[in-house]
Amino acid sequence: MKSQTPSLEFSHFPVMLSEVIKVLTPSRGGFFVDCTFGGGGYSSEFLKFSKTKVVGIDRDPSVILIARKIEKKFEKRFKFYQSKFSQIDQIINHKVDTIVFDLGISSIQLNNMNRGFSFKSNKKLDMTMGLSDLSAEKVVNSLNENQLKLIIKILGEEKDASRIARNIVKARLEKRITRVDELVKIIEKSKKRNFSSKINPSTKTFQALRIFVNKEVSELIYGIIQATKILKPGGKILVVSFHSIEDKIVKYFFTNFSKNKSRPSRYLPEDSNDNTALFEKYANKIIKPTKSEIEKNHPSRSAKLRHATRSQNQFIYPSNFIKKFTKYLNLEAINV
Ligand SMILES: C[S@@+](CC[C@H](N)C(=O)[O-])C[C@H]1O[C@@H](n2cnc3c(N)ncnc32)[C@H](O)[C@@H]1O
């Protein structure tokens, strides 16, 4: 990893790599799609096994250089596309064995203060992962108080959303909010002091703005649907998520579109002949990082890994999945 990136500050430590390898068994070979290439940690590991072919996808232009180096080394087995993973069907037009998503931002993005993801930054309020025409600056200076409140409350699960939204609108009447540290000050002023809290007062508002700027909920929902569409029967889809909205979405999809989807009554037998289920029986088991990984790599502490196996059934578009999460989709669709 380190040798592929310019410096340690701009490298990414792949989360739960050994658990991912254990589930996906690249030693058996097959066609892998790494939908969140990042620092290339997962892709590089898959490529260590000579019978694998890998496609890497990432929306971030800053990882293209890392990807091109890997393409040169594995000319016949690796190809990278800068794209959003919701558009995977426009990149791959055949069935594949394995698809992996490692959601959120990488340390390459977080540690680059110019990107505006870290609340330690005093640079421009950007928060764009790439391939987005929005910025957090545009969002905080353009939306009305109620829209800001809903975004911070629903996408950030922030209980002080009303006060934060009110103070953002108040502050921007005096001067446009352009820098990260200016927003951090407004949030800190708005939050009740809670000295026992281990999380930074800005964490949830930053999460909300980042999700909104990059349309992360829509990306996840349409991304995992497209991925399921191109998975071979018996193929595996694996998602590592980092916050509760992501995990709720993945859990709902794997559970409700599997052969053991919730029954109207638990006294009714499971319908194992269900010919609409997209996945085999789903165990609803989360894999978490070990204590020693968390000690070595603090950002891994909130990671949750889920995986499901594609059934033999034909792909039927899961419209009810989209309906279930319209609250989030409508919120992300607010015009700025
Ligand atoms: C946590 S990092 C992945 C790290 C990677 N597994 C590794 O080992 O280096 C997440 C990456 O996914 C990318 N990403 C997030 N959402 C995306 C989307 N909708 N489409 C494409 N890439 C996305 C981000 O730009 C970031 O580089």
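The values are calculated or read from the model by the stated rules, or taken from the named source; none is laboratory data. This structure is a prediction, so every number in the text was calculated from the model and none was measured. So basically every Cβ, Gly included, is an ideal-geometry build from the backbone, and we count neighbours across all protein chains shown.
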Checked the range 205-244 for anything of a type outside the set (S, T, N, Q), surrounded by fewer than 23 Cβ atoms within 10 Å (Cβ to Cβ) and away from the ligand (no atom under 14 Å from the Cβ); matches are Lys229, Ile230, Lys232, Pro233, Gly234, Gly235, Lys236
Test Leu131 against the criterion of being surrounded by fewer than 17 Cβ atoms within 10 Å (Cβ to Cβ), within 9 Å of the ligand (Cβ to nearest atom) and under 27 Å from Ile221 (Cβ atoms), and give yes or no.
yes
Within the range 50-76, the residues that are assigned to a helix (DSSP H, G or I), without any contact (Cβ under 8 Å) to a residue 60 or more places away in the chain and either near the ligand (Cβ under 8 Å from one of its atoms) or surrounded by fewer than 17 Cβ atoms within 10 Å (Cβ to Cβ) (or both) are Val63, Ile64, Leu65, Arg68, Glu71, Lys72, Lys73
Looking at the range 36-49, can you tell me whether even one residue there is modelled with pLDDT of 95 or more, surrounded by fewer than 19 Cβ atoms within 10 Å (Cβ to Cβ) and touching a Pro at 6+ places or on another chain (Cβ under 6 Å)?
yes
Of the residues in the range 77-118, those that are of a type in the set (Ser, Thr, Tyr) and within 12 Å of the ligand (Cβ to nearest atom) come to Tyr81, Ser83, Ser86, Ser106, Ser107
